1. Restricting to region 219-256, name every residue that is basic (Lys, Arg) and surrounded by 23 or more Cβ atoms within 10 Å (Cβ to Cβ).
2. Within region 120-161, can you find the residues that are modelled with pLDDT under 95 and among the acidic types (Asp, Glu)?
3. What are the residues in region 181-212 that are within 15 Å of residue 235 (Cβ to Cβ) and acidic (Asp, Glu), if any?
4. Residues that are closer than 20 Å to residue 50 by Cβ and either under 19 Å from the mean Cα position of the chain (by Cα) or touching a residue at least 24 places away in the same chain (Cβ under 8 Å) (or both): which helices (runs of 4 or more DSSP H) entirely in region 197-311 hold 1 or more of them?
5. In the list 150, 112, which residue meets the criterion of being closer than 18 Å to residue 81 by Cβ, outside any loop (DSSP other than H, G, I, E, B) and not β-branched (Val, Ile, Thr)?
6. Given region 7-101, what strands (runs of 3 or more DSSP E) lie entirely inside it while holding 1 or more residues that are at pLDDT 85 or above and over 22 Å from residue 138 (Cβ atoms)?
7. Given the condition in contact (Cβ under 8 Å) with a residue 40 or more places away in the chain, crowded, with 18+ Cβ neighbours inside 10 Å and in contact with a helix residue (DSSP H, G or I) (Cβ under 9 Å, 6 or more places away or on another chain), answer yes or no: does some residue in region 103-126 qualify?
8. Looking at the structure I just gave you, is residue 157 among the aromatic types (Phe, Trp, Tyr), within 26 Å of residue 202 (Cβ to Cβ) and without any contact (Cβ under 8 Å) to a residue 40 or more places away in the chain?
Amino acid sequence: MERNHIVTADEAGSTLAALVRQHHEGLSWSRAQRLCENGQVLVDGAPRTDPAFRLSEGQEVRVEPSRPREREPAAVIEFEDTHLVVVDKPVGVSSVPYERGERGTEMNRIREAWRRRGQRAAALAPLFVVHRIDKETSGLTIFARTKTAERSLGRQFREHAVERTYLAVTHGALRSQRIESRLVPDRGDGLRGSTRSPGDGKRAVTHVDVVERLVGATLSRVWLETGRTHQIRIHVAEAGCPIVGERVYIRDFVARGGTPIASSRLLLHAATLAFEHPVTGKPVALAAPLPRDFLVELDRLRPVGRPGWNGPREEDPAGLG
């Protein structure tokens, strides 16, 4: 494969591994996937380790077989005790395994972090899923370490007592608003979405607060009143402003003549999390700073010479103040 390749309109939507194989005659699927997983394939200058990452027109793909392999970083644990653990999940890592034996999930990263500390008993003990965030979304997620904690935290999520705030960059001029709809698994075209049929679907409420206007995009703080699958991604897309880097809920935007902004990742980050400790009852409030790749994309979308919002500060690690 040529060392640099610009994704064409016909190639948009292809997976990273498929494109690498397409442009390298005789390359096997397994070798193409390993190149990606090893961090030896760069998209817009940054390594993408997910072979299934879907590309957008105009993105630059560079293959560097001699590049040192990426070592998976240890999990960033923001809070832990004997009852639960809260981690700052990077983009491209699944919260939990979807297939038996799947590697590279956040659960495995947590266990590996404990092994490195010599906490072998903890590494072998079960972790219980309390909630999930999308593979392409970065930020805070919780795992329970005991059944008691799992039940308590699960109840708090069901009762919408957990406070969650996200930072999102969307296409266009999204406005501050409250969005309420009823979401169904299939709106009639194979995608999750809102329904107008009385009594169908589950109630979903999203609050949007604009932080900064960008070039062709908007940075917003998004607060979830409910927590449905893909809720933020669906609601802002249906408002006409899908998230930059969106691969699924972009169809209507394109159909209306919109041109997606190329991005190396989905610009959605779970920035803050607040809940009641499942055993002590004390409040726990955590914040995760925007990761570097998000900040790079954010800065790229700012008008030249305008200071604007400059990301997280030491006293405000999520950049929400």
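The values are calculated or read from the model by the stated rules, or taken from the named source; none is laboratory data. Given the structure is predicted, the values throughout are model-derived calculations rather than measurements. We place every Cβ from the backbone using ideal geometry, glycine too, and count neighbours over all the protein chains shown.
1. Here is the first cut: in region 219-256, the ones basic (Lys, Arg) are 221, 228, 233, 247, 251, 256.
Residue satisfying the conditions is 233 alone.
2. Result: 134, 136, 159.
3. 209, the sole residue that qualifies.
4. Details: elements: 231-238, 251-255, 292-300.
The qualifying helices (runs of 4 or more DSSP H) are 231-238, 292-300.
5. On the way: 112 fails: closer than 18 Å to residue 81 by Cβ.
Just a single option satisfies the conditions, and that option is 150.
6. Numbers: elements: 41-43, 60-63, 76-80, 84-89.
Qualifying strands (runs of 3 or more DSSP E): 60-63.
7. Within region 103-126, none of the residues are in contact (Cβ under 8 Å) with a residue 40 or more places away in the chain, crowded, with 18+ Cβ neighbours inside 10 Å and in contact with a helix residue (DSSP H, G or I) (Cβ under 9 Å, 6 or more places away or on another chain).
8. no
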